[in-house]
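*Asks:* One structure is given below, represented as C-alpha cells, and several questions about it will come after.
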Amino acid sequence: MYFYRPAEGHRLKHDPFNSIIAPRPIGWIGTVDAEGRRNLAPYSFFNALHYRPPLIGFSSNGWKGTLANCDATREFTWNLVTRELGEQMNASSTTHDVDEFEVAGVEAASSTEIGAPRVARSPVSFECRVTQLVPLQSAQGAAVGSWFVVGEVVGVHIDEALIADGVFDTVAADPLLRAGGPTTYFQINPDSRLDLRRPE
C-alpha cells in the first residue's frame, strides 16, 4: 500500500485526494452581488446533504465572488452540467472579475423564488437560499482559507423530457462529472447501472 501523510506531501505528479473521491457532481453556481451583477462558477467539491428540507452544499477555496455574493444576498442557483454544456462550464471557471454568463456564452434565465439567475440551457436547476456559511478548519482548529456554503432548495426546475413514469432519468440527463487529474471528467451510461436494495 502506498502511504503518505498529507502534511508532508504526496510525492506524486498530482494530488490523488480529489482523484480518489470521484467522480463528483459539479456545483455550477449562479449568483448576483448586492448591485445585481451576475456571477457563474463551477465547484467540484459539491454534493447533496439532506432530504427534507433538501439541502445542498459546496466548498469554495478562498473568498471568491461566488462566496461574497452568497454572503451578501443569501441566494444562489445550482445548475446541472451536462456533457453538452461542458465547454461553457469550463469557460465560466475564469478567475477574472467578469460576468461569466457573458464570457462563457451562457444564456441566463430568471428564477421564480430568488433573484439569482439560472442557466437557461441546463435541464435541471435548483433555486437555493443560504442556510450556513461555514469557515473550514484543520483538526487543530486552524483556518484553512476555505468556506462551506449550505443552501436550502426552495425551487426546482426540471426538463419534463427527463421525467419517465414519475422518475427522474439520470442517464438521459447526461451529467458531466468531475474526476481525478487536472483535466479529467466522466459521463455515466446505462451499462454501468447496478441495482441494490437496502436490507429490511
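The values are calculated or read from the model by the stated rules, or taken from the named source; none is laboratory data. Keep in mind it's a predicted model, so treat the numbers as computed, not measured. Because the Cβ atoms are built from the backbone with ideal geometry, glycine has one as well, and the counts that use them run over all protein chains shown.
*Asks:* Out of all the residues in the stretch 75-93, which are outside any helix (DSSP H, G or I) and either surrounded by fewer than 15 Cβ atoms within 10 Å (Cβ to Cβ) or of a type in the set (A, V, I, L, M) (or both)?
*Replies:* If the condition is that a residue be outside any helix (DSSP H, G or I) and either surrounded by fewer than 15 Cβ atoms within 10 Å (Cβ to Cβ) or of a type in the set (A, V, I, L, M) (or both), then LEU80, VAL81, SER93 are the ones that fit.
*Asks:* Condition first: in contact with a helix residue (DSSP H, G or I) (Cβ under 6 Å, 6 or more places away or on another chain) and outside any strand (DSSP E or B). Can you find one or more residues in the stretch 120-131 that meet it?
*Replies:* Checked the stretch 120-131: at least one residue is in contact with a helix residue (DSSP H, G or I) (Cβ under 6 Å, 6 or more places away or on another chain) and outside any strand (DSSP E or B).
*Asks:* Related question: Condition test on VAL106, is it in contact (Cβ under 8 Å) with a residue 24 or more places away in the chain and under 20 Å from SER60 (Cα atoms)?
*Replies:* Answer is no for this residue.
*Asks:* Related question: Every residue in the stretch 160-197 that is buried (at least 17 other Cβ atoms within 10 Å of the Cβ) and out of contact with any strand residue (DSSP E or B) (no Cβ under 8 Å at 6 or more places or on another chain), please.
*Replies:* Listed by number, the list holds a single entry, GLY180.
*Asks:* Here is a follow-up. With the structure loaded, tell me whether VAL106 is surrounded by 15 or more Cβ atoms within 10 Å (Cβ to Cβ), at pLDDT 95 or above and part of a loop (DSSP other than H, G, I, E, B) or whether it fails that test.
*Replies:* Considered against the rule, which asks whether it is surrounded by 15 or more Cβ atoms within 10 Å (Cβ to Cβ), at pLDDT 95 or above and part of a loop (DSSP other than H, G, I, E, B), VAL106 comes out as yes.
*Asks:* Additional query: Can you pull out the residues in the stretch 133-151 that are under 17 Å from ALA48 (Cα atoms) and in contact (Cβ under 8 Å) with a residue 40 or more places away in the chain?
*Replies:* Answer for the stretch 133-151, where residues must be under 17 Å from ALA48 (Cα atoms) and in contact (Cβ under 8 Å) with a residue 40 or more places away in the chain: LEU133, TRP147, PHE148, VAL149, VAL150, GLY151.
*Asks:* Within the stretch 3-18, how many residues turn out to be outside any helix (DSSP H, G or I), in contact with a His (Cβ under 9 Å, 6 or more places away or on another chain) and either free of Cβ contacts under 8 Å to residues at least 40 places away in the same chain or closer than 28 Å to GLU84 by Cβ (or both)?
*Replies:* So the answer is 1.
*Asks:* On to the next question. Got at least one residue in the stretch 43-60 being touching a residue at least 12 places away in the same chain (Cβ under 8 Å) and among the charged types (D, E, K, R)?
*Replies:* Looking through the stretch 43-60, none of the residues is touching a residue at least 12 places away in the same chain (Cβ under 8 Å) and among the charged types (D, E, K, R).
*Asks:* Pairs, please: C-beta under 7 Å, at least 6 apart or cross-chain, first residue without any contact (Cβ under 8 Å) to a residue 40 or more places away in the chain and in the stretch 72-84, second of a type outside the set (Phe, Trp, Tyr) and outside any helix (DSSP H, G or I)?
*Replies:* ALA72/ASP33; ALA72/ALA34
*Asks:* Tell me the residue from GLU113, GLU127 that is surrounded by 15 or more Cβ atoms within 10 Å (Cβ to Cβ), touching a strand residue (DSSP E or B) at 6+ places or on another chain (Cβ under 6 Å) and not β-branched (Val, Ile, Thr), please.
*Replies:* GLU127
*Asks:* Restricted to the stretch 94-103, and to residues that are part of a helix (DSSP H, G or I) and under 17 Å from the mean Cα position of the chain (by Cα), which residue is surrounded by the most Cβ atoms within 10 Å (Cβ to Cβ)?
*Replies:* GLU100
*Asks:* Tell me whether the stretch 152-159 contains one or more residues that are under 29 Å from ARG52 (Cβ atoms), of a type in the set (Gly, Ala, Ser) and surrounded by 14 or more Cβ atoms within 10 Å (Cβ to Cβ).
*Replies:* Yes, that holds for at least one residue.
*Asks:* Restricting attention to the stretch 175-194, and to residues there that are within 21 Å of PRO16 (Cβ to Cβ) and of a type in the set (Gly, Ala, Ser), which single residue is farthest from the chain's Cα centre (by Cα)?
*Replies:* GLY181
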